[in-house]
Amino acid sequence: MIFVTGGAGFIGSNFVLDWLGQSDEGVVNLDKLTYAGNLDNLASLQDDPRHLFVRGDICDGALVLALLNQHRPRAIVHFAAESHVDRSIHGPAEFIATNVNGTFALLEAARAYWSALAGAEKDDFRFVHISTDEVYGSLGEHGAPFVETTAYAPNSPYSASKAASDHLVRAYFHTYGLPTVTTNCSNNYGPYQFPEKLIPLVMANALAGKPLPIYGDGGQIRDWLYVSDHCAAVRRALEAGRPGEVYNVGGWNEMRNIDVVHTLCDILDQAAPKAAGSYAGQIALVPDRPGHDRRYAVDAGKIQRELGWKPVETFDTGIRKTVQWYLDHQAWVAHVQSGAYLSWVEQNYANREVV
Ligand code: NAD
Ligand code: DAU
């Protein structure tokens, strides 16, 4: 089996669902269930014996090591993180705790577990670390897209904490030989994304008749990738990634924020028309994010050349699927916004001991 961290979050839950949709290899899913972790995402696996969910913190090294020794996974796929840049500006401490200290605790447990393996089990073990393109900092209008050798220049507490975790992973490969593979991916979108991130936030606000907040002039550029394409890239990195290597993952799809929001409004105008006017009438320019990176762009050539991965979805196909998913799952959005899923978590887990 494989051991996944953060598998109740946006990308992690998509990964677990995709994984078990394509393979019978079991998943132990360790997630703290912060505000971003939502077991509703995994409801379809409730009675599936291939999925074992454990509520717990990656910072708890003793728990992680006990789980590894008990379940003996052949790989760790590490998604767990604090992931929202705006939250890192208001409260960086949690980002250092989980992204830096948590990754360190996980690496220590992985090293102890892996060191005790032998033969093919030891050789074939992998620690796949999921990271972000934000570690490379901000590009100018004409700067070449990020490659794996681009110098790190993180600008937010979030990206600095992810950069620190990448450096720790690199050090564990070079110093101890732990067979790590790191992926640095661009902006994801798709089902189960928490409505604090641009695309689901804009959809939720549009349908609720609220303003669609665009930071600054809306001219910032991101490279958007549909989440199932990211999941496929992580699977390839686990299958065939070379230990110690880094692979950039991206959609070859740079867009300005203002254009993303207009695209969403156009699709919603067709799929869920307002009584009068366009959703674009709700767009509101608001003060900028402090330290806002202007442009990210990813050169995903290495993973295409070496592992044969490239995205399947274009932005047009991916965003239409995404809009339809949110229209079909408005109860999921309402549940997240009301916080009802969190009270359920407390009710369900308050008096449970972890195995
Ligand atoms: P998310 O915020 O939706 O989910 C994070 C998950 O981690 C949640 O389920 C949360 O409960 C869990 N978690 C947080 N702290 C934990 C802890 N201490 N112990 C155990 N579990 C904990 O994040 P996401 O958008 O799914 O991102 C997943 C990973 O992918 C992150 O490492 C992020 O840096 C990276 N990434 C995200 C994007 C993106 O566009 N969302 C792009 C590139 C890379
Ligand atoms: O690049 C990969 C990163 O993408 C991941 O590592 C992060 O975990 C993920 O959150 C994402 O970071 P961003 O900051 O780019 O995503 P976000 O959806 O928060 O914002 C996308 C762009 O939209 C960014 O330029 C800020 C802008 N924005 C965002 C929000 C929430 C707005 O203009 N208005 C908003 O209300």
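Given the rule -39500 (n - 2.57) for each run of at least 4 DSSP H residues, summed and divided by the residues of the chain, what is its mean residue ellipticity at 222 nm, to the nearest 500 deg cm²/dmol?
Working: 13 runs with 148 residues, N = 355.
Rounded to the nearest 500, the figure is -13000 deg cm²/dmol.
Can you bin segment 35-83 into rounded, prolate or oblate? Criterion: square roots of the alpha carbon gyration tensor eigenvalues sorted a ≥ b ≥ c, rounded for a/c under 1.5, prolate for a/b above b/c, oblate for the rest.
Working: a/c = 2.00, a/b = 1.18, b/c = 1.69.
Since a/c reaches 1.5 but b/c is at least a/b, the shape of segment 35-83 is classed as oblate.
Quick one: what are the phi-derived ³J(HN,Hα) couplings along segment 132-145, Karplus 6.51/-1.76/1.60 with θ = phi - 60°, whole Hz, x for glycine and proline?
Residue by residue, segment 132-145 yields 10, 5, 5, 5, 7, x, 10, 9, x, 3, 10, x, 5, x Hz.
Relative contact order for the chain using alpha-carbon pairs under 8 Å, separation at least 6, rounded to a whole percent?
Working: 647 pairs, mean separation 64.2, N = 355.
It comes to 18 percent, rounded to a whole number.
For segment 242-248, what does the Karplus curve 6.51 cos²θ - 1.76 cosθ + 1.60, with θ = phi - 60°, yield as ³J(HN,Hα) per residue in whole Hz, taken in order and with x for Gly and Pro?
7, x, x, 8, 10, 10, 7
List the residues whose amide H sits under 5 Å from the amide H of ASN188, counting only those 5 or more places along or on another chain, with H placed 1.01 Å from N in the peptide plane.
Answer set, sorted by chain and number: LEU225.
When a/c is below 1.5 the answer is rounded, else prolate if a/b is larger than b/c, else oblate, so apply that to segment 1-72 with a ≥ b ≥ c taken from the square roots of the Cα gyration tensor eigenvalues. Could you put the intermediate results ahead of the total?
Details: a/c = 2.01, a/b = 1.18, b/c = 1.70.
Since a/c reaches 1.5 but b/c is at least a/b, the shape of segment 1-72 is classed as oblate.
Pull out the extension gain between ASP123 and GLU141, defined as 0.36 nm times the separation in residues minus the alpha carbon to alpha carbon distance; nm, one decimal. Mind showing how you got there, number by number?
Working: separation 18, 0.36 × 18 = 6.48 nm, distance 4.35 nm.
Separation in residues times 0.36 nm, less the Cα-Cα distance, equals 2.1 nm.
Classify segment 95-154 as rounded, prolate or oblate, taking a ≥ b ≥ c as the square roots of the eigenvalues of its Cα gyration tensor: rounded when a/c is under 1.5, otherwise prolate if a/b is larger than b/c and oblate if not. Can you show the working numbers first?
Details: a/c = 4.98, a/b = 1.99, b/c = 2.51.
Oblate is the answer for segment 95-154, as a/c is 1.5 or above yet b/c matches or exceeds a/b.
Considering only Cα-Cα distances, which of the following residue pairs are longer than 28 Å: LYS274/LYS321; LYS32/LYS302; LYS122/LYS197?
Details: LYS274/LYS321 20 Å; LYS32/LYS302 33 Å; LYS122/LYS197 39 Å.
Where the Cα-Cα span goes over 28 Å, the pairs concerned are LYS32/LYS302; LYS122/LYS197.
With every protein chain left in place, what is the accessible area per residue of the chain in square angstrom, probe 1.4 Å? Don't skip to the end; give the middle numbers.
Details: 14760 Å² over 355 residues.
Value for the chain: 42 Å² per residue.
Amide H of TYR215: which non-local residues (sequence gap of 5 or more, or other chain) have their own amide H closer than 5 Å, using H built in the peptide plane?
Correct list: VAL286.
Relative contact order (percent) for segment 3-130, with alpha-carbon contacts under 8 angstrom and 6 or more residues of separation? Each step should come with its number before you reach the end.
Numbers: 182 pairs, mean separation 36.0, N = 128.
Relative contact order for segment 3-130 comes out at 28 percent.
Enumerate the amide H contacts of PHE146 below 5 Å, restricted to partners 5 or more residues apart or on another chain; note that Pro and chain-start residues carry no placed amide H.
ALA297, VAL298, ASP299
So if a site counts as exposed when it's one of the chymotrypsin sites (Phe, Trp or Tyr not before Pro), its DSSP state isn't H, G, I, E or B, and it has at most 16 other Cβ atoms within 10 Å, what's the longest stretch of the chain without one?
Values: sites that count: TYR35, TYR152.
Value returned for the longest uninterrupted segment is 153-355.
With a 1.4 Å probe and all protein chains left in place, how much of the accessible area of segment 4-136 comes from carbon and sulfur atoms, in whole percent? It would help to have the intermediate numbers written out before the result.
On the way: 2520 of 4900 Å².
Exposed carbon and sulfur together represent 52 percent of the surface.
The values are calculated or read from the model by the stated rules, or taken from the named source; none is laboratory data. Keep in mind the model is a prediction, meaning the values are calculated, not measured. Glycine gets a Cβ as well: all are built from the backbone with ideal geometry, and neighbour counts include every protein chain shown. Please note that ligands, DNA and RNA were not included when accessible areas were found on the heavy atoms of the full protein model with its side chains. Shrake-Rupley method; radii C 1.70, N 1.55, O 1.52, S 1.80 Å.
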